[in-house]
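Input: a single structure, listed below in structure tokens.
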Amino acid sequence: MIPLERYPKEISLRDDARVVLRPMIPEDADGLWSFLRQLPEIDKAHFHEDVDRREEVDRWAKSLDYEAVLPILAIRGDRVVGTVTLYRNKTGWKQRIGIVRILIAPDHRHLGLGTAMIREIRHLGEKVALNYLLAEVIEEQQAAVRALERMGFEKTGVYRNFVNDRKGHLHNLVVLLHPMSGLEK
Amino acid sequence: MNCPVCGAEHFSVPGGGKAAPAGERLCPYQGVPYTGLRAGHDQIYFGRWRRIDASTIDLRRAYHQLERLLNGIAVALETEDIPAARSDLGKAVEALHTAGPGEDGPEALRYLDHALSYAHRVIGDLLHEKGLPPHSPADFAGWYDAGEVPFREDW
């Protein structure tokens, strides 16, 4: 079981705003929907689902399974301003690898929220004894790449014209890995 | 002279002045969590060892300052459950030992720099656990004889 007793966790941002971090619950569907609608197109490129459809977001919210997909929300007041999600395989050869996805509301970037989210996911990754965290970021998202690198992720590859956005345009994909402490032992 | 509040060597007022108007020393770290660790980090961060004209003595001094900083971090971590920070502290100690106390040259500099970066990350982890934003040396640059003000980029 993934340990969640540290939540809700309140943190301060650079502008002194207080933000609460906690796992998503089914009642967050409205907040998540509003959050997703304000994201630029490029940030939504990785989703398998059509997140512009409200019923898709409702379906997510109703089918939460923290052992497979753990979304941690950053909430300011009653507004979702960021999410970090840890994807895990329950079985198989990648069960010790956690895939990380971080989304930050445009008006909450460069305040330290992204870095705080990376710290959270590193902590959770250690607690569930993962060997690696893996992050995939489109190369244009340089602030995210640099923040991940500063937090110990190592760039392991850049795949040219590898992924397409929802309009079909190709982008370079940066793959970053974070070796966890259990692996080093 | 070392500041009586934080223990670091910084100016007593920002901007290079030697004393506050009333003659008393001020400390920019007073009242902030992990005062000693933040000040210890910045004293090294803004230290002479990173300058082009750094001497062997500057490097040796930085080595010992880093050693003290890492010891301080280890004490702070004893009561915290932050595995990633413990791992980073181990890497910092390893980098410091690789740099060596009497070494100079680009390799020693590089490893000292790595050790300081790991230390900064651990201080950030400690602050995050308290719900605080990471420590930014840029906020304190005016209190040091900083060769350049560090660029701050948060995400």
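Counting only protein heavy atoms, what percent of the accessible surface of the stretch B:35-143 is carbon or sulfur at a 1.4 Å probe? Carbon and sulfur: 52 percent of the exposed surface of the stretch B:35-143. Computed over the alpha-carbon atoms, the stretch B:14-140 gives an Rg to Rh ratio of 1.00, Rh here being the Kirkwood radius from the mean inverse distance.
Using unit Cβ charges (K, R positive; D, E negative) and no other charged atoms, how large, in debye to the nearest 20, is the dipole of the stretch A:117-172 about its Cα centre?
Charge dipole, the stretch A:117-172, about its Cα centre: 60 debye, nearest 20.
Just the Cα atoms of the protein assembly as shown, one point each, no solvent: what log10 I(q)/I(0) does Debye give at q = 0.06, 0.07, 0.11, 0.14 Å⁻¹? Scattering profile of the protein assembly as shown, log10 relative to I(0): -0.24, -0.33, -0.78, -1.17.
Mean per-residue shielding of peptide A:40-52 is 0, counting Cβ atoms of other chains within 10 Å of each Cβ.
Going by accessible surface with a 1.4 Å probe and the largest first, B:79, B:98, B:35 read B:79, B:98, B:35. The portion of the accessible surface of the stretch A:40-109 made up by carbon and sulfur, rounded to a whole percent, is 50 (1.4 Å probe; DNA, RNA and ligands excluded). Interface burial in the stretch B:61-95 reaches 30 Å² or more for B:81, B:83, B:84, B:87, B:91, comparing the full protein assembly with the chain by itself; accessible area from heavy atoms with a 1.4 Å probe. Remark: chain A carries 48 Å² of accessible area per residue (probe radius 1.4 Å; ligands, DNA and RNA excluded). Farthest toward the positive end of the dipole of the protein assembly as shown, out of A:31, B:92, A:147, is the Cα of B:92, where the dipole comes from beta carbon charges about the Cα centre. Of the residues A:75, A:21, A:45, the one whose Cα sits farthest toward the positive end of the charge dipole of chain A, with +1 on the Cβ of Lys and Arg and -1 on the Cβ of Asp and Glu, is A:21. In a reduced charge model with +1 at each Lys and Arg Cβ and -1 at each Asp and Glu Cβ, the protein assembly as shown shows a dipole moment near 240 debye about its Cα centre.
Restriction of the chymotrypsin sites (Phe, Trp or Tyr not before Pro) in the stretch A:50-133 to DSSP coil positions whose beta-carbon has at most 16 other beta-carbons within 10 angstrom yields A:66, A:93.
Going through the stretch A:4-51, which trypsin sites (Lys or Arg not before Pro) have at most 16 other Cβ atoms within 10 Å and a DSSP loop state?
Loop-located and lightly packed - A:6, A:14.
Label zone of residue A:167 (point 7 Å out along Cα→Cβ, amide N under 16 Å): in the stretch A:16-50 this covers A:39-46. Buried accessible surface for the A/B chain pair comes to about 2400 Å², total over both chains, computed with a 1.4 Å probe.
What percentage of all Cα-Cα pairs in chain A are separated by more than 31 Å? Counting pairs separated by more than 31 Å, the tail of P(r) holds 11 percent. Could you name the lysines whose alpha carbon sits less than 19 Å from that of residue A:9, not counting residues in the same chain fewer than 8 places away? Result set, ordered by chain and number: A:127, B:130.
The mean number of partner chain beta-carbon atoms within 10 angstrom of a residue's beta-carbon across peptide A:143-152 is 3. What the Cβ-Cβ distance of residue A:183 and residue A:136 gives, at R0 = 30 Å and to the nearest 0.05, is a FRET efficiency of 0.95.
Within the stretch B:98-144, which trypsin sites (Lys or Arg not before Pro) sit in a loop by DSSP and count at most 15 neighbouring Cβ atoms inside 10 Å? Answer by residue number: B:130. Under the criterion of Cα pairs below 8 Å and six or more residues apart, the relative contact order for the stretch B:1-132 equals 21 percent. Accessible area per residue for the stretch B:4-155 is 48 Å², calculated with a 1.4 Å probe on protein heavy atoms, without ligands, DNA or RNA.
Filter the cross-link list A:44/A:94; A:44/B:91; A:62/A:90; A:90/B:91; A:44/A:90; A:94/A:167 down to pairs whose alpha-carbon distance in this structure exceeds 28 Å.
A:44/B:91; A:90/B:91; A:94/A:167
The values are calculated or read from the model by the stated rules, or taken from the named source; none is laboratory data. Only a predicted model underlies this, so the values are computations on that prediction, with no experimental measurement involved. Reconstructed Cβ throughout: ideal geometry from the backbone, glycine too, with neighbour counts over all protein chains shown. Just the protein is used for accessible areas: all its heavy atoms, side chains included, with ligands, DNA and RNA removed. Shrake-Rupley method; radii C 1.70, N 1.55, O 1.52, S 1.80 Å.
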